[in-house]
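In what follows, a single structure is set out as C-alpha cells and then discussed.
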Amino acid sequence: MPLTSKHTFRIGSYGRSTTDEGWEKLEPEHIRVWQSALSLLSARTMKVQNCTVRIEANWMPILRKQEKHYNVMKRLQKGAASKAELRSILEGFPERSTEIEITTEMQGDEVSEEAAKNLATSVIESYLYDFFAILNVSAPGCCDFYRGQLVGGSFERDIPLSGFYFDIAVVGTLEKEWQQIRTLPLAQTVRWYDSVRSDIRQIPQNPMERALFALLHISKIDTDPMIVIWLFYAFESLFQTRAGENFSSLVQRIILLFNLDDTQAKIVRREFRELYNTRSAIVHGGFEIAHPMQNEVLDKAIDDHRLRISETAEFGLALLLAAIQETIARGWRYPIFSERLDGSKIG
C-alpha cells in the first residue's frame, strides 16, 4: 500500500527580489514560464533506494502573485492622479512570503511510515533544487527560494537558493547583443535537463551536470570570493579544459561556441581576463579577504569590496548562463570540443 506524506515549502519571495528593471519585457516571460511549470513540473516521479516516489506540488500561489505584481506594475506605469490612488495601487502588491503545498506517494520495499517520511523529505529537497535550476536556466531570475524552508518531516530543511545572481546577470545583458540572455520555452529546457540529469545522484556524471551543480552552489552563498572559484569550476567543466589550463584555450572555446566576430571576441577577451585575474588573485594570493562579518557599518570599504566581487560575478554568471542556453538552443546536452590536424600540401 502506498505511503503518503504532506509537506509545506515556505518561501520568502515569489519572483524577482533584486530589481524591477526591464519588468515590461521580463515579467510576461516569467509568467509564461510559471504557467508552463504548472503542467510540466508540478508532478515528478523519482526512484531512490528501491522505492518510487511521486511528488505533486501546487505552484499556483506563486503564479497568481506574479500575475498580480505585473498588473500593479502596469497600473503604476500609467500614473496615479492623487496620493490616495497611488497608495491604493501600492497596496495591491502581493505579500512576498508564499507557502507551497507538496504531497508525496511512495511505493516499494517495506519501510516504516517515519522512515518513508524522512526519505520523502530528501526526495522533495532534490526536486526543489531541480525545479529551481530548470526555471532559472529557462528564464534566469524568475525563481527565488531565498530562505526557503521545507517542513513536514521529522525536522525542517533549509532550501537557501537565491535568484539574486541570475537576476543581476539578466539585467546586465539587457543592452548587449551577442551575450543577451534569453527566455527559453520551459518544455525545451525540461527535455534538455532530463537528458543531462536523469536521476537524483549527488555526484555529477557529465560536464554539464558539473556546471549545474556549480550554479546551485553559487545560489547558496552571499557576495563572496568563492563565487568566482565556482564560476571557473563551471567554465572548466562545461568547456572541458583542464584546471588552471591556459587562459587563451578557455577563451577560444567560448568564442567558438558563440561564433563571435573579431569585435565581440575582443570584448570577451578583455572582460574574461579581468575575471581570470580575480580568480588567480584569490587562488594564488593578492586578493584581500574580508572579515567574515562584512559589516559596512564598521568599515565602509566593505561596500567597494562587495562591488568588486559582484561586478566580476555578474559578467561571469551572465556568460555561463548564455553558454548553457546556447547549448540548449543548439539541441545539445553539452558541447564537445575536438582538435583537428591539417596541413598545407606541397606544390
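What the table shows:
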| read-out | value |
| --- | --- |
| Residue (of Gly343, Gly148, Val196) at the positive-pole extreme of the chain, dipole from beta-carbon charges | Gly343 |
| Placed amide H near Gly148: partners under 5 Å, 5+ positions off or other chain | Gly12, Ile159, Leu161 |
| Selected from Ile221, Met208, Gln252, residue furthest toward positive end of dipole (the chain; charges at beta carbon) | Gln252 |
| Karplus-derived HN-Hα couplings along the stretch 157-165 (A = 6.51, B = -1.76, C = 1.60, θ = phi - 60°), whole Hz, x at Gly and Pro | 10, 7, 10, x, 9, 9, x, 3, 6 |
| Among Phe166, Phe239, Phe287, residue whose mean-square fluctuation peaks in a GNM of the chain (springs only between Cα atoms under 10 Å) | Phe287 |
| Mean accessible surface per residue for the stretch 32-111, computed with a 1.4 Å probe while every protein chain stays in place, in Å² | 61 |
| Candidate residues Asp130, Asp222: accessible-area rank, largest first, probe 1.4 Å | Asp222, Asp130 |
| Calculated [θ] (222 nm, deg cm²/dmol) that DSSP helices of n ≥ 4 give over the chain, each run adding -39,500 (n - 2.57) | -17500 deg cm²/dmol |
| Sulfur and carbon atoms: percent of accessible area, the chain [1.4 Å] | 49 |
| Near-label residues of the stretch 137-152 by backbone N, under 13 Å of a point 7 Å along Cα→Cβ of Lys6 | 152 |
| Mean separation of Cα contacts under 8 Å (6+ apart) over length of the stretch 115-257, as relative contact order % | 18 |
| Simple label model, 7 Å out from Cα along Cβ direction - Ser198 to Glu311, nm | 4.6 |
| Longest to shortest principal axis, alpha-carbon extents of the stretch 81-140, angstrom | 66, 28, 13 |
| Per-peptide average of other Cβ atoms within 10 Å, ordering 46-54, 308-316 highest first | 308-316, 46-54 |
| Cα centre as origin, Lys/Arg/Asp/Glu Cβ charges: the chain dipole, Debye | 700 |
| Ile11 accessible area, 1.4 Å probe, all protein chains in place, Å² to nearest 10 | 10 |
| Kirkwood Rh and Cα Rg combined as Rg/Rh, the chain | 1.01 |
| Ser249-Asp304 FRET efficiency (beta carbon distance; Förster radius 30 Å; 0.05 resolution) | 0.40 |
| Cα-centred dipole magnitude for the stretch 23-80, charges only on beta-carbon of K, R (+1) and D, E (-1), debye, nearest 20 | 100 |
| Centre separation in Å (Cα based) which lies between the stretch 294-333 and the stretch 44-89 | 26 |
| Value of D in µm² per second that Stokes-Einstein yields for the stretch 58-116, Kirkwood Rh from Cα pairs, at 4 °C (1.567 mPa s) | 87 |
| Accessible area per residue in Å² at 1.4 Å probe, computed on the stretch 254-312 | 67 |
| Relative contact order for the chain, counting Cα pairs under 8 Å that sit 6 or more residues apart, in percent | 19 |
| Pairwise label distance in nanometres, Ser17 with His217, each label 7 Å out on the Cα-Cβ vector | 2.2 |
| Test item: Cα-centred dipole of the stretch 195-287, Lys/Arg +1 and Asp/Glu -1 on Cβ, debye | 120 |
| Protection-proxy order for peptides 36-45, 256-265, each taking the mean of Cβ atoms within 10 Å per residue, highest first | 36-45, 256-265 |
| Those GluC sites (Glu not before Pro) in the stretch 1-98 that DSSP places in a loop and that have at most 16 other beta carbons within 10 Å | Glu21, Glu91, Glu95 |
| Cβ-defined net charge surrounding His7, 13 Å radius [Lys, Arg +1; Asp, Glu -1] | -2 |
| Residue-level accessible surface for Met226, protein heavy atoms, 1.4 Å, Å² | 80 |
| For the stretch 245-302, alpha-carbon Rg relative to the globular expectation (2.2 N^0.38 Å, N residues) | 1.59 |
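The values are calculated or read from the model by the stated rules, or taken from the named source; none is laboratory data. Only a predicted model underlies this, so the values are computations on that prediction, with no experimental measurement involved. Cβ atoms come from the backbone with ideal geometry, glycine included; neighbour counts cover every protein chain shown. Keep in mind that these areas ignore ligands, DNA and RNA; they rest on the heavy atoms of the full protein, side chains included. Shrake-Rupley method; radii C 1.70, N 1.55, O 1.52, S 1.80 Å.
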